1. One-quarter of the Cα convex hull surface for the range 20-97, in nm²?
2. I want to check the label-to-label distance for Val71 and Thr25. Put each point 7 Å from Cα in the C-beta direction and report it in nm to one decimal.
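No lab work stands behind these numbers, since they all come straight from the coordinates. Since we're looking at a predicted model, the values are computed, not measured. Cβ placement follows ideal geometry from the backbone for every residue including glycine, while neighbour counts extend to all protein chains displayed.
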Amino acid sequence: MLRYIALTLGMVVLASPAGAISRYTSTAMSCAEAQARINAEGAAIMRYQSRNNPSLPRYDRYVANENFCPVAHIAVRDYIPTADRESCPVLRCKAEMRERLFDRRWIFRN
């Protein structure tokens, strides 16, 4: 019995995803380097100081494409400050609107 519990626990640990994600300061790298790191790792957390309040740190999770977003989320364009650009284009996951999730126009087509 103990052997089955140990085997089941081992399988659960192997099947669960690792929660590690890289964290970077976007203002310490160029725009191309920030985009390359996000694309190479699939997802990364980028930190930077707020434009409105410099004492306030800001951060978010940025992704290479929509495949790295959770269920019911879509990838949307966002901009982060980097060392060489004030607005570097990247992708961020955003919850999809409920109306779009349950839009069933195809039911009413003739």
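1. Answer in nm², one decimal: 5.4.
2. It is 3.9 nm.
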